[in-house]
Amino acid sequence: MARLVCHEAMGPAEVKVGGESVWICQCGLSQDLPFCDNSHEKTVNETPGQICVYDRTRTKVIEQRENF
């Protein structure tokens, strides 16, 4: 069963682990989930108020929809 998951964050969350920072992906585009790989930089060109549907590899927008 396919799912459409909406991610609104455009950057990672910092989590402190033993005094070190670990960056957790919140945009859903990272190829190294749950860790951030800076894929959120792709969201800079997204149109506000639009839902961007990415391909299965999470590398390019294949469709834009109106916000729910």
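Using a cut-off of 14 Å between beta-carbons, work out the net charge of the residues near Pro12 (Lys and Arg +1, Asp and Glu -1, Pro12 not included). Every neighbour counted, the sum reads -3. Proximity of backbone amide H atoms, modeled 1.01 Å from N, is registered between Gln50 and no other residue at under 5 Å, excluding neighbours fewer than 5 places apart on the same chain. Entry comment: accessible area of the chain is 78 Å² per residue, from protein heavy atoms only and a probe of 1.4 Å. Within the accessible surface of the chain, defined with a 1.4 Å probe on protein heavy atoms only, the carbon and sulfur portion equals 51 percent.
Peptides 23-33, 44-54 ordered by packing proxy, namely the average of other Cβ atoms within 10 Å per residue, highest first: 23-33, 44-54. Label-to-label distance for Ile62 and Val15 is 2.9 nm, based on points extended 7 Å past Cα in the beta-carbon direction. Restricting region 1-60 to trypsin sites (Lys or Arg not before Pro) that sit in a DSSP loop and have at most 13 other Cβ atoms within 10 Å of their own Cβ leaves Arg3, Arg56, Lys60.
The values are calculated or read from the model by the stated rules, or taken from the named source; none is laboratory data. If you're wondering where the values come from, they're calculated on a predicted model, not measured in any experiment. So basically every Cβ, Gly included, is an ideal-geometry build from the backbone, and we count neighbours across all protein chains shown. Only protein heavy atoms, including side chains, enter the accessible area calculation; ligands, DNA and RNA are left aside. Shrake-Rupley method; radii C 1.70, N 1.55, O 1.52, S 1.80 Å.
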